[in-house]
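Participant: First the structure, then my questions, so here it is.
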Amino acid sequence: MSVQTKNPLIRDSFTFGCNKGGVGKSTLIFQFAPAFAQSNPDVNVLVLDLTLTGNTSTMIITHDQMLAVKDQCQRADLRVRASDMLESLRDFAVHAKNRSSWLPNRAWFSKNKFDFADHALRVCEHASSSPDNLFLSVGSYDIRQAVEYDNWSDMVEAWQRTGRSEVDPDSKPWVIFFDTDQNVASPHAQFALRVSRKLVVPVGLSEMDFERCFEQDEIEPGVFHMLRLLHEEASKSGRSDPPCRLHQLIFNRVNKRTNDEVESGGISSPFTPTKEDLAQCGSLADRLYELVLNSPETARLLFHELDETFEEHGRTAGAFKRRYFTAFQNGASNPFNFSQRHGAPFACIADEGTGDSSVVRLPNGTASTFNWGTLRTLRENTTRVLAKLML
Ligand SMILES: Nc1ncnc2c1ncn2[C@@H]1O[C@H](COP(=O)(O)OP(=O)(O)OP(=O)(O)O)[C@@H](O)[C@H]1O
Ligand SMILES: [Mg+2]
């Protein structure tokens with residue numbers, strides 16, 4: 001894994017964003033972050049839930065646990081909401097400014113510590129099957145007070161400065177997953193897009209919805225347009241730390257024909273989709289490749305490592321599609337609902353190896369209505385897409 005950020009506390013960071021609701025942003029983070037934490041014990045993984053309704057939080061810990069945590073936060077016994085993290089960031093930066101006549105003071109930062117773990121709960125204390133290096137900053141409506149239209153750029157600066165704070169030599173670097181809601185122009189979504197390195201866009205297979213990602217409406221822009229605006233703003237201001245770039249598009253809820261990996265027309269899928277769905281993935285990917293052909297300068301701004309990709313694999317549609325697209329299968333609703341309701345991501349349900357026909361059972365005895373075979377396929381899909389995200 002390469003170092004993708006100038007902030008030395010952070011090894012890598014991903015915003016899951018799309019202007020369309022229900023495409024799987026929260027579900028995929030809920031499945032990927034624990035799976036990644038499990039297979040990478042050398043890093044701390046933080047899910048920073050920047051949604052008002054706490055979408056991925058209510059999957060990672062159960063709804064009841066979430067209510068209890070929010071209650072404790074309300075009484076200020078605990079400060080593990082994403083809004084607490086943002087407020088603390090703001091204080092961190094303001095404090096430094098006051099002490100240094102509004103100029104960033106390196107000496108102050110090097111003596112003071114900002115620790116992401118202070119504003120996140122360790123998930124294994126709530127969900128016993130979770131790896132002990134997974135942390136969650138809970139989403140809530142309070143985010144709206146913590147980051148607003150007139151201060152989000154200060155918050156971005158504060159985030160970058162955390163990297164200059166005192167680092168405990170034994171602490172692990174962080175890999176951060178940001179969940180966002182469908183309003184990509186909200187200050188908190190802009191914050192995520194601005195501070196993370198890589199944008200992951202889950203999309204369904206609808207042409208109309210895909211076209212909406214390019215929407216230039218001021219109030220409800222599409223995610224590609226929002227990204228473009230942020231990059232234009234960053235280049236004008238001459239900042240050295242640009243916003244995230246498009247790293248991976250995940251066609252979600254693609255219908256599966258077989259479990260075999262396939263590559264067709266450049267689209268590499270961790271399973272074989274139905275013919276219709278594969279053709280649809282290809283045509284949506286072509287739509288984005290048009291942008292590369294017609295507006296190469298914009299494309300260079302928007303895509304993560306576009307030049308490097310073409311340099312290495314040739315300037316072809318195939319190379320482009322292989323690099324930026326993947327697919328996640330449309331699973332039956334039972335495993336997804338079961339997994340979400342019990343805070344048990346596919347990767348963390350211990351495989352008892354009892355054969356394909358038996359049902360999956362959680363340590364507390366709760367039985368599912370699906371079998372180990374279904375679970376293994378979903379887990380395999382998760383592992384393969386995750387491998388692509390971690391390129
Ligand atoms: N691959 C999949 N197979 C089956 N069901 C899925 C899949 N991906 C997501 N879902 C289901 O789709 C619904 C919407 O997913 P999710 O809440 O993750 O979307 P979202 O993009 O986060 O939505 P929002 O913008 O409202 O936050 C959930 O019920 C989830 O279980
Ligand atoms: Mg969501």
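The values are calculated or read from the model by the stated rules, or taken from the named source; none is laboratory data. Every value quoted in this text rests on a predicted model; they were computed, and no experiment measured them. Don't worry about glycine lacking a Cβ; one is built from the backbone with ideal geometry, like all the others, and counts go over all protein chains shown.
Participant: Take the conditions assigned to a loop (DSSP other than H, G, I, E, B), in contact with a Gly (Cβ under 8 Å, 6 or more places away or on another chain) and within 16 Å of ligand 2 (Cβ to nearest atom) and apply them to residue 7. Does it pass?
Facilitator: It is false that residue 7 is assigned to a loop (DSSP other than H, G, I, E, B), in contact with a Gly (Cβ under 8 Å, 6 or more places away or on another chain) and within 16 Å of ligand 2 (Cβ to nearest atom).
Participant: Here is a follow-up. Just to verify a result, which residue in region 136-169, among those that are among the hydroxyl-bearing types (Ser, Thr, Tyr) and either in a helix (DSSP H, G or I) or within 16 Å of ligand 1 (Cβ to nearest atom) (or both), is farthest from residue 85 (Cα to Cα)?
Facilitator: Applying the filter and picking the extreme gives 153.
Participant: Which count do you get for residues in region 192-209 that are in a strand (DSSP E or B), in contact with an Asp or Glu (Cβ under 8 Å, 6 or more places away or on another chain) and over 19 Å from residue 153 (Cα atoms)?
Facilitator: Summing the residues that are in a strand (DSSP E or B), in contact with an Asp or Glu (Cβ under 8 Å, 6 or more places away or on another chain) and over 19 Å from residue 153 (Cα atoms) in region 192-209 gives 1.
Participant: Just to check your reading of the model, which residue among 328, 320 is within 16 Å of ligand 2 (Cβ to nearest atom), of a type in the set (Phe, Trp, Tyr), within 22 Å of the chain's Cα centre (by Cα) and surrounded by 15 or more Cβ atoms within 10 Å (Cβ to Cβ)?
Facilitator: 328
Participant: Hey, another quick one. Residue 233: farther than 21 Å from residue 196 by Cα and at pLDDT below 95, yes or no?
Facilitator: No: the conditions fail for residue 233.
Participant: Within region 170-191, work out how many residues are within 13 Å of ligand 1 (Cβ to nearest atom) and either among the aliphatic types (A, V, I, L, M) or more than 24 Å from residue 155 (Cα to Cα) (or both).
Facilitator: Qualifying residue count, region 170-191: 2.
Participant: Would you pick out the residues in region 19-28 that are near ligand 2 (Cβ under 9 Å from one of its atoms) and not basic (Lys, Arg)?
Facilitator: The answer is 21, 22, 23, 24, 26, 27.
Yes/no per residue for (1) part of a loop (DSSP other than H, G, I, E, B); (2) in contact with a strand residue (DSSP E or B) (Cβ under 9 Å, 6 or more places away or on another chain); (3) among the β-branched types (Val, Ile, Thr); (4) surrounded by fewer than 17 Cβ atoms within 10 Å (Cβ to Cβ):
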| position | (1), (2), (3), (4) |
| --- | --- |
| 179 | no, yes, no, no |
| 189 | no, yes, no, no |
| 211 | no, no, no, yes |
| 220 | yes, no, no, yes |
| 224 | no, yes, no, no |
| 233 | no, no, no, yes |
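Participant: In the set 197, 239, which member is touching a residue at least 40 places away in the same chain (Cβ under 8 Å), more than 25 Å from residue 276 (Cβ to Cβ) and not β-branched (Val, Ile, Thr)?
Facilitator: Answer to the check: 197.
Participant: Has region 219-241 got at least one residue that is more than 13 Å from the chain's Cα centre (by Cα), among the polar types (S, T, N, Q) and within 21 Å of residue 9 (Cα to Cα)?
Facilitator: yes
Participant: Considering 16, 36, 32, which residue is buried (at least 24 other Cβ atoms within 10 Å of the Cβ), within 11 Å of ligand 2 (Cβ to nearest atom) and in contact (Cβ under 8 Å) with a residue 40 or more places away in the chain?
Facilitator: The unique qualifying residue is 16.
Participant: Report whether or not residue 211 is within 20 Å of residue 229 (Cβ to Cβ) and not polar (S, T, N, Q).
Facilitator: So residue 211 fits the description; yes.
Participant: Given the conditions (1) farther than 30 Å from residue 214 by Cβ; (2) within 16 Å of the chain's Cα centre (by Cα); (3) more than 16 Å from ligand 1 (Cβ to nearest atom); (4) of a type outside the set (Val, Ile, Thr), and given that residue 34 satisfies all but one, which numbered condition is not satisfied?
Facilitator: (3)
Participant: Further question on the same structure: Would you mind finding the one in 62, 27, 53, 58 that is near ligand 1 (Cβ under 9 Å from one of its atoms), buried (at least 17 other Cβ atoms within 10 Å of the Cβ) and either over 25 Å from residue 163 (Cβ atoms) or over 13 Å from the mean Cα position of the chain (by Cα) (or both)?
Facilitator: When all the criteria are applied, what remains is 27.
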